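Visitor: Please find one structure pasted underneath; my questions will follow.
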Amino acid sequence: MATQRVTPRERDQVDPGLWLRADMRAVLAARDIAGVFRLLQRVGVSQRRIAALTGQSQSEISEILGGRQVVSYEVLARIADGLGVPRGQLGLAYDDLTAQMVGEPMPAPEDEDSRRLMARLTELSMGVASVDPQAFDRPVAPTWAKTPERVGLADVARLEDMTTRLRAMDHEHGGGAARDAVLSQLGWAQRLLSARVGEEAARALHLAVSELHLLAGWTSFDIGAIGPAKRHFYRALEHARFVDEPSLIAKTLYCYARLDLHHRWAPHATQMLLMGEVAAQHSGFGRAVAMIQANLAWAYAISGDIRRAIDTIGRARDEFARAEHAEVPRWLTFFDSAELQALRGTTLAALSTMTPQQRSEAIERFSLSSALRELPQARQRAFELTALSWLLLDDGAVAQGIQVGNDAVTVAAGVRSQRVVDRLEPLRERLMKRLSDGDARDLVERIRDLAPIDQVTVPP
């Protein structure tokens, strides 16, 4: 069998997989040839080899690395073809992803398509054309706004405001309702990182992007997409560390731990929270310390360490009392009195052996936290009403427990959250033991109707 001959040029060409890397795609889309050459050098491609592949002299390569811009179409095309870069990735012919990255619309339709569109618009406006409902789900080709050349504090403030709005949507309607919008906003925010930005605005921008990654991770966690959640939390931690903001580092480690606590992975949650405690102490914000301590108490309770759980929730209460009225960064404001009361109740409810006195206190804490919650915080209210319901059943207050359980399901029905569905399981288990009670049977049916939400199939 004849062996296919490989020419020296083919043998010397750059690994095609390099052009798929995110950092390489970014510099290609920006036509930053110096950036392309620097990334090639990082993986071992010498200036001499770049020159040989692109048909340039080494002095030309050095000039480009020194800051000379490459704007000629012919030179760009020769570089693309010589290195084996698909022209679309260098902006010489757009594909969807490159169009998004360079901030330019896809090419306009051909003249014939324009004429057909105009004819169709005329027919629709005059009411002489039928509408096919089956076509409504077909996507419309996106038109992307250009990334601004310079980003200032006003741009970052708008980004922060949008994150606040998306976070409110998540609280009220669940991660399943907010996640796609969060990811879209995150895509825009990450493009801002490539713009020119002053020192003060740069720090603010990294903090804002970190918060968006936290929200992307949180909404992913809420629908049961664990892998994407962890990846977004990790990226949030990178940005927080890059600008050395310990309170946001503590918040990120708290988010990691909450994922573990939901699945009762107590040892890993404890590890995350102990690291978070160091960052919280370093931040100087007592509320950050209380946040970590309260969740650490929950982890100890799941682990069966009752004494340490009780001691730690007490320290969280004392720390919060000292710091309740102090100013804190916006990412810590969520940890308020209602959140602390809920975690005090959650810690007691997670104890493997709960005394009647501890159960009564847990009921009191959840009653207080659900009363303190603002109405838009639907997901948290669903959590707390659910726990309150099964605690009341265990305490013998059956009629009250079922009434609260129905309230919990009513709130849960308006939230797209796999976590809410998961948290209803202890209540369902207790109701199953009371199926002779018609009200209990009805509540079981209502819980059963809350089907798990669909998870993402292709994690971003």
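The values are calculated or read from the model by the stated rules, or taken from the named source; none is laboratory data. Since we're looking at a predicted model, the values are computed, not measured. As a convention, Cβ positions derive from the backbone with ideal geometry for all residues, glycine included, and neighbour counts pool all protein chains shown.
Visitor: For segment 219-228, what are the residues that are among the hydrophobic types (A, V, I, L, M, F, W, C) and either outside any helix (DSSP H, G or I) or surrounded by fewer than 24 Cβ atoms within 10 Å (Cβ to Cβ) (or both)? Before the answer, list the steps.
Guide: So the first thing to find is which residues in segment 219-228 are among the hydrophobic types (A, V, I, L, M, F, W, C), and the list is 221, 223, 225-226.
Residues satisfying the conditions are I223, A225, I226.
Visitor: Of the conditions (1) out of contact with any helix residue (DSSP H, G or I) (no Cβ under 7 Å at 6 or more places or on another chain); (2) small (G, A, S); (3) outside any helix (DSSP H, G or I), S194 fails just one. Which one is it?
Guide: (1)
Visitor: Does at least one position in segment 392-399 carry a residue that is of a type in the set (D, E) and assigned by TED's automatic domain parsing to the domain that holds E425? Give the derivation first.
Guide: Of segment 392-399, the ones of a type in the set (D, E) are 394-395.
Filter again for assigned by TED's automatic domain parsing to the domain that holds E425, leaving 394-395.
Looking through segment 392-399, at least one residue is of a type in the set (D, E) and assigned by TED's automatic domain parsing to the domain that holds E425.
Visitor: A follow-up question, please. Within segment 230-333, which helices (runs of 4 or more DSSP H) (wholly inside it) include 3 or more residues that are modelled with pLDDT of 95 or more and surrounded by fewer than 17 Cβ atoms within 10 Å (Cβ to Cβ)? Walk me through it before giving the result.
Guide: Details: elements: 246-262, 266-283, 286-303, 306-323.
The helices (runs of 4 or more DSSP H) meeting that bar are 266-283, 306-323.
Visitor: Counting only residues that are at pLDDT 75 or above and of a type outside the set (V, I, T), give me the helices (runs of 4 or more DSSP H) lying completely in segment 80-191 with at least 3 of them. Talk me through it step by step, then tell me what you get.
Guide: On the way: elements: 96-102, 111-126, 153-173.
Where helices (runs of 4 or more DSSP H) fall fully within segment 80-191 and carry at least 3 residues being at pLDDT 75 or above and of a type outside the set (V, I, T), they are 153-173.
Visitor: Let me ask something additional. Of the residues R416, R379, R365, R430, which is part of a loop (DSSP other than H, G, I, E, B), buried (at least 17 other Cβ atoms within 10 Å of the Cβ) and either more than 26 Å from the chain's Cα centre (by Cα) or touching a residue at least 40 places away in the same chain (Cβ under 8 Å) (or both)? Step through it out loud before you land on a result.
Guide: On the way: R379 fails: part of a loop (DSSP other than H, G, I, E, B); R365 fails: part of a loop (DSSP other than H, G, I, E, B); R430 fails: part of a loop (DSSP other than H, G, I, E, B).
None of the other options fit; the residue is R416.
Visitor: Outside the structural domain of G405 (by TED's automatic domain parsing), within 27 Å of R165 (Cβ to Cβ) and of a type in the set (S, T, Y): which single residue out of S303, S283, S352, S360 fits that description?
Guide: Values: S303 fails: within 27 Å of R165 (Cβ to Cβ); S352 fails: within 27 Å of R165 (Cβ to Cβ); S360 fails: within 27 Å of R165 (Cβ to Cβ).
Testing whether each residue is outside the structural domain of G405 (by TED's automatic domain parsing), within 27 Å of R165 (Cβ to Cβ) and of a type in the set (S, T, Y) leaves just S283.
Visitor: For segment 26-42, what are the residues that are of a type in the set (D, E, K, R), at negative phi and surrounded by 16 or more Cβ atoms within 10 Å (Cβ to Cβ)?
Guide: Taking segment 26-42 as the starting set, the residues that turn out to be of a type in the set (D, E, K, R) are 31-32, 38, 42.
Within this subset, residues satisfying the condition of being at negative phi are 32, 38, 42.
Result: D32, single match.
Visitor: Something else about it: Search segment 53-77 for residues that are loosely packed, with under 10 Cβ neighbours inside 10 Å and pair each with any residue that is charged (D, E, K, R) and assigned to a loop (DSSP other than H, G, I, E, B) when their beta-carbon atoms are under 9 Å apart and the residues are at least 6 apart or on different chains.
Guide: Note: pairs meeting the criteria are V71/R31.
Visitor: Mind listing whichever residues of segment 320-353 are without any contact (Cβ under 8 Å) to a residue 24 or more places away in the chain and more than 20 Å from A382 (Cα to Cα)?
Guide: Residues satisfying the conditions are A321, H325, E327, T333.
Visitor: Check L193, L186, L166 and return the single one that is surrounded by 15 or more Cβ atoms within 10 Å (Cβ to Cβ), over 14 Å from the mean Cα position of the chain (by Cα) and outside the structural domain of A30 (by TED's automatic domain parsing). So that I can check it myself, show each step before the final result.
Guide: Numbers: L186 fails: over 14 Å from the mean Cα position of the chain (by Cα); L166 fails: over 14 Å from the mean Cα position of the chain (by Cα).
Just a single option satisfies the conditions, and that option is L193.
Visitor: Counting only residues that are surrounded by 21 or more Cβ atoms within 10 Å (Cβ to Cβ) and touching a Ser or Thr at 6+ places or on another chain (Cβ under 7 Å), which one in segment 334-352 is farthest from Q281 (Cα to Cα)?
Guide: Taking the candidates together, the pick is G345.
Visitor: G396: on the phi > 0 side of the Ramachandran plot, surrounded by fewer than 24 Cβ atoms within 10 Å (Cβ to Cβ) and not charged (D, E, K, R), yes or no?
Guide: Numbers: on the phi > 0 side of the Ramachandran plot: yes; surrounded by fewer than 24 Cβ atoms within 10 Å (Cβ to Cβ): yes; not charged (D, E, K, R): yes.
Yes.
Visitor: Would you point out the residue of segment 27-62, among those that are closer than 15 Å to V85 by Cα and outside any helix (DSSP H, G or I), that is farthest from the chain's Cα centre (by Cα)?
Guide: The selected residue is G55.
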